[in-house]
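Below: one structure, written as structure tokens.
The values are calculated or read from the model by the stated rules, or taken from the named source; none is laboratory data. Every value quoted in this text rests on a predicted model; they were computed, and no experiment measured them. Cβ placement follows ideal geometry from the backbone for every residue including glycine, while neighbour counts extend to all protein chains displayed. In case anyone asks, the SASA skips ligands and DNA or RNA and just uses the protein heavy atoms, side chains included. Shrake-Rupley method; radii C 1.70, N 1.55, O 1.52, S 1.80 Å.
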Amino acid sequence: MERSYRVLNKDDIHKNLEDHVTRLSSVLSVPRPAAAILLHNYTWQVDKLLRAWFDDEDGVRESVGLPKNNRPTKGFPRSGEELVCGICFQTYNFDIRFESTVGFCGHRFCTSCLGAYVSRAIDDGPACLFLRCPDRYCGAVIGQDMVDLVVSDEGKMKYKEFSIRSYVENNKEIKWENNRGIKWCPALGCEYAVEYDLKSESYDVSERFDVTCDCSFSFCWNCLEESHRPVKCETVAKWVLENSSEQRTNPSYFQNFQSFTLKFLRFWKVGWGSLWSPPSSESGNTILAVCKLCPGCREQKIENDKVTMHMTCQCKHEFCWICLGPYKDHDYGACSSYRENVEGEVDVEERVTKSAKRSYKRYFHYYERWVANHKSRENALAYLNVIKTDKLEQLRELVEEHGLKARKFGFLAEAWEQIAECRRVIKWSYVYGYYMPEEASSKKKLFEYLQGEAEVALERLHDCAENTLEKYLKLNGLAHEFDATRTELVNRTRATQFFFANFVNGVSNGLAEAESDS
């Protein structure tokens, strides 16, 4: 499927910027520096600019600091004529090569003074794009042509950088030939931007706004969070806001909430008193148990630094990292779903206590699994990097060392890329489950079943990929079983990809199958 976006470096962005300036210059019959000034002042909203221009051209020119008829208000002096600088009041000889230094208004300044004035404005920040004449009674704007004449190369680069950032950050409403928008990649230290075709209908509903930058970071172009299929942007915003609360992810959250509520109820009998105890400063991630005791021997502490949830203790006991249940015949549906134990309630205080406890337990059930899959995905990406930079080279050297025919090992990297992508989908599927309404019982059952099957498929792919790499590195059957093992891993990768695509599509469409069956 053809992508509905493209990744731009700064040179690409500047070329787009220059194309817009050239087009506007042609349409309005104004110099290119004037066209750039108009676009900056109207935040690159071309439709709005054109309407204002054709309604009141003189008013637009006056508001942005452009002279009428594209000519300065004062005529140019003769080359070599002695002038007085309007800043330092020293005399200097006018040079026709620097005629732009007098700007759109025609006020005279020596190159050194005007250069210092513009350079200081550039150092102060992006407001230099709207810089006006140094004359206190003049409102004429200083364009890029003048900037290029009087500042250093470093100053020119800074000015260009401000122009590029203005173009990107104000580009959301651009309407010229195509309704496209540009946004910076939110990855730390990345300088790429992504241009998205807002009119494109070539994408599938489940893939809408998912983009991958050339820095390898995948994110949602709409909300700039990491890619979060099958969850909508609005749901992600709610989840991020909920998790950003220190109290919500704090281990003492439930105790403090319960204590506050009970104290509030007792107020009606004994008065206000002290209603709230501030939560402790411990992080909620602490009780996500970086280490857990083996449920078999109850002695060994196990740390999950792997991609899978399948743990094996030194005592040989195999268990699930999430639910601590035995891994043999593990029920992923029961592991991923949340079940409440409904007990009898006696009075108001007990109802409040149990309600608060149920709310927190339910939240933490999904939060723990969300974090666990996030960590597993990071481990998968780290291991993928090791494979690309180290393991594949080892395999090539082993092949050459044993005189075997050259073989391609790219399918190993593809398998681990799929594993990382599946972990991301599973991670956000828990957010989807958390916000599912309780009354949608048929949909919830179908969702939990599909989620469990997705986790089973992912674990099988992981086991196959891990075993295949280990076998190759040991040269166990490399010559005779290579093709068969490769075929098995490739087929499992494709099957997992197909299953997860259907899972995402089904969830994105609101699990319509459950409605048709009910």
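Across segment 406-441, what is the total count of residues that are more than 24 Å from residue 239 (Cβ to Cβ) and either in a helix (DSSP H, G or I) or touching a Pro at 6+ places or on another chain (Cβ under 9 Å) (or both)?
9
In this structure, does residue 431 turn out to be open to solvent by less than 10 Å² (accessible area, probe 1.4 Å), within 24 Å of residue 219 (Cβ to Cβ) and touching a Lys or Arg at 6+ places or on another chain (Cβ under 7 Å)?
no
Could you give me the residue pairs with C-beta distances under 6 Å whose first residue belongs to segment 81-100 and is more than 17 Å from residue 118 (Cβ to Cβ), whose second residue is polar (S, T, N, Q) and at pLDDT below 80 wherever it lies, and which are 6+ apart or on separate chains?
Pairs that qualify, where the first residue is more than 17 Å from residue 118 (Cβ to Cβ) and the partner is polar (S, T, N, Q) and at pLDDT below 80, are 82/93; 96/79.
From the list 198, 224, pick out the single residue that is at pLDDT below 90, in contact with a Pro (Cβ under 7 Å, 6 or more places away or on another chain) and open to solvent by 50 Å² or more (accessible area, probe 1.4 Å).
Testing whether each residue is at pLDDT below 90, in contact with a Pro (Cβ under 7 Å, 6 or more places away or on another chain) and open to solvent by 50 Å² or more (accessible area, probe 1.4 Å) leaves just 224.
What's the total number of residues in segment 407-427 that are open to solvent by less than 10 Å² (accessible area, probe 1.4 Å) and over 20 Å from residue 385 (Cβ atoms)?
2
Looking only at segment 139-173, how many residues end up being of a type in the set (A, V, I, L, M) and either open to solvent by 50 Å² or more (accessible area, probe 1.4 Å) or more than 19 Å from residue 123 (Cα to Cα) (or both)?
Number satisfying all stated conditions: 4.
Please go through segment 53-69 and give me each residue that is more than 16 Å from residue 129 (Cα to Cα) and open to solvent by 30 Å² or more (accessible area, probe 1.4 Å), ordered by number.
Across segment 53-69, the qualifying residues are 54, 55, 56, 57, 58, 62, 68, 69.
Take residue 84 and decide whether it is out of contact with any Gly (no Cβ under 8 Å at 6 or more places or on another chain), at pLDDT below 90 and farther than 30 Å from residue 195 by Cα.
For residue 84, the condition - out of contact with any Gly (no Cβ under 8 Å at 6 or more places or on another chain), at pLDDT below 90 and farther than 30 Å from residue 195 by Cα - is met.
Which of the residues belonging to segment 434-447 are surrounded by fewer than 21 Cβ atoms within 10 Å (Cβ to Cβ), among the hydrophobic types (A, V, I, L, M, F, W, C) and at pLDDT 85 or above?
Selection gives 436, 446.
Which of the residues belonging to segment 182-195 are surrounded by fewer than 17 Cβ atoms within 10 Å (Cβ to Cβ) and touching a Cys at 6+ places or on another chain (Cβ under 7 Å)?
Result: 187, 190.
Any chance you could count how many residues in segment 227-260 are assigned to a helix (DSSP H, G or I), surrounded by 17 or more Cβ atoms within 10 Å (Cβ to Cβ) and modelled with pLDDT under 70?
Within segment 227-260, residues that are assigned to a helix (DSSP H, G or I), surrounded by 17 or more Cβ atoms within 10 Å (Cβ to Cβ) and modelled with pLDDT under 70 number 6.
Limited to segment 458-483, what total is found for residues that are open to solvent by 20 Å² or more (accessible area, probe 1.4 Å) and either at pLDDT 75 or above or in contact with an Asp or Glu (Cβ under 7 Å, 6 or more places away or on another chain) (or both)?
4
Please verify whether segment 343-362 includes one or more residues that are within 24 Å of residue 319 (Cα to Cα) and at pLDDT 70 or above.
yes
For residues in segment 101-160 being among the small types (Gly, Ala, Ser) and part of a helix (DSSP H, G or I), which is nearest to the chain's Cα centre (by Cα)?
Applying the filter and picking the extreme gives 127.
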